[in-house]
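Structure first, commentary second.
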Amino acid sequence: MDKNLDIDNVDLKIISLLNEDAKTPYTEIAKKVYVSSGTVHVRMRKLEDMGIVKSATLNIDFSKLGYDISAYLGIYLEKSSLYDNVIEKLKEISEVVNAYYTTGNYSIFAKIICKDTNHLRDVLNKIQKVDGIDRTETLIVLEESINRPIQLFEQDAK
């Protein structure tokens, strides 16, 4: 942990509890951490100002919204110097929901979400036309078995 960050175990407990369920009311967090809800609010503001907490997000089951295909895409670049340009183009493709600059076989590893295999094919065609992409490899997700936040603090306050 960065020694310049002024966080303590109370901050870590708050983060851990909200990481499990971002909709948990501050009053409930306060009871579990043994502080006032005002303290939780002040601590969260501090964590946001420090850039530790960036946002609160929803965990959505996209298949229930008609998006039945999740896939990971290994992207090979023609040259690593084209990374910034390629990422800017990938940001324009809404089905690309995550992208990582990686070591190993791929220069970029991306997650895409599509409605069906026809939609996937269309998205892959769009991605493969991006200047700077040499080729791609697609890995279709059959089942997501684990999706959890990292445990930052042993939670005896549950």
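Here is how the numbers come out for the structure above:
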{"read-out": "Cα-based shape type of the range 9-50, given that a ≥ b ≥ c are square roots of the gyration tensor eigenvalues and the cut on a/c is 1.5", "value": "rounded"}
{"read-out": "Cα gyration tensor, the range 56-125 - rounded (a/c under 1.5), prolate or oblate", "value": "prolate"}
{"read-out": "Mean accessible surface per residue for the range 62-141, computed with a 1.4 Å probe while every protein chain stays in place, in Å²", "value": "62"}
{"read-out": "Whole-Hz ³J(HN,Hα) from phi, Karplus 6.51 cos²θ - 1.76 cosθ + 1.60, for the range 38-50, glycine and proline x", "value": "x, 5, 4, 4, 5, 5, 5, 4, 4, 5, 5, 4, 7"}
{"read-out": "Helical contribution to [θ] at 222 nm, DSSP H n ≥ 4, -39,500 (n - 2.57), averaged over the chain, rounded to 500", "value": "-10500 deg cm²/dmol"}
{"read-out": "Label point at Leu5 placed 7 Å out along Cα→Cβ; residues across the range 36-68 whose backbone nitrogen lies under 11 Å", "value": "47-48, 50-54"}
{"read-out": "Potential lengthening between Ile52 and Asn125 on full extension [0.36 nm per residue; Cα-Cα distance subtracted]", "value": "22.6 nm"}
{"read-out": "Rough spin-label spacing in nm, given labels placed 7 Å along Cα→Cβ, for Val141 and Thr39", "value": "3.8"}
{"read-out": "Reach of Lys126 by Cα under 20 Å, taken over lysines that are not fewer than 8 positions away in the same chain", "value": "Lys79, Lys89, Lys91, Lys111, Lys115"}
{"read-out": "Charge dipole of the chain about the Cα centre (unit charges at C-beta), most positive-ward option of His119, Val35, Pro149", "value": "Val35"}
{"read-out": "Residue-by-residue Karplus 3J(HN,Hα) for the range 106-120, coefficients 6.51, -1.76, 1.60, Hz, glycine and proline x", "value": "9, 7, 10, 10, 10, 10, 10, 10, 9, 6, 7, 5, 5, 4, 4"}
{"read-out": "Size of electric dipole in the range 1-147: Cβ of Lys, Arg +1 and of Asp, Glu -1, about Cα centre, debye, nearest 20", "value": "260"}
{"read-out": "Only Lys, Arg (+1) and Asp, Glu (-1) charged, at Cβ; the range 40-115 dipole about Cα centre in debye", "value": "280"}
{"read-out": "Identified option (computed semi-axes √(5λ) of the Cα gyration tensor in Å; candidates [x] 38, 13, 10; [y] 38, 22, 16; [z] 38, 20, 13)", "value": "[z]"}
{"read-out": "Within the range 36-127, GluC sites (Glu not before Pro) in DSSP loop having at most 10 other beta-carbon neighbours inside 10 Å", "value": "Glu92"}
{"read-out": "Accessible surface of the chain, 1.4 Å probe, proportion on carbon and sulfur as whole %", "value": "47"}
{"read-out": "In Å², nearest 10: area of Arg43 left accessible to a 1.4 Å probe", "value": "50"}
{"read-out": "Dipole magnitude of the range 9-50 about its Cα centre (Cβ charges: Lys, Arg +1; Asp, Glu -1), debye to nearest 20", "value": "140"}
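The values are calculated or read from the model by the stated rules, or taken from the named source; none is laboratory data. Computed from a predicted structure; not experimentally measured. With ideal geometry, Cβ positions are generated from the backbone for all residues, glycine too; neighbour counts draw on all protein chains shown. Heavy atoms of the whole protein, side chains included, go into the accessibility calculation; ligands, DNA and RNA do not. Shrake-Rupley method; radii C 1.70, N 1.55, O 1.52, S 1.80 Å.
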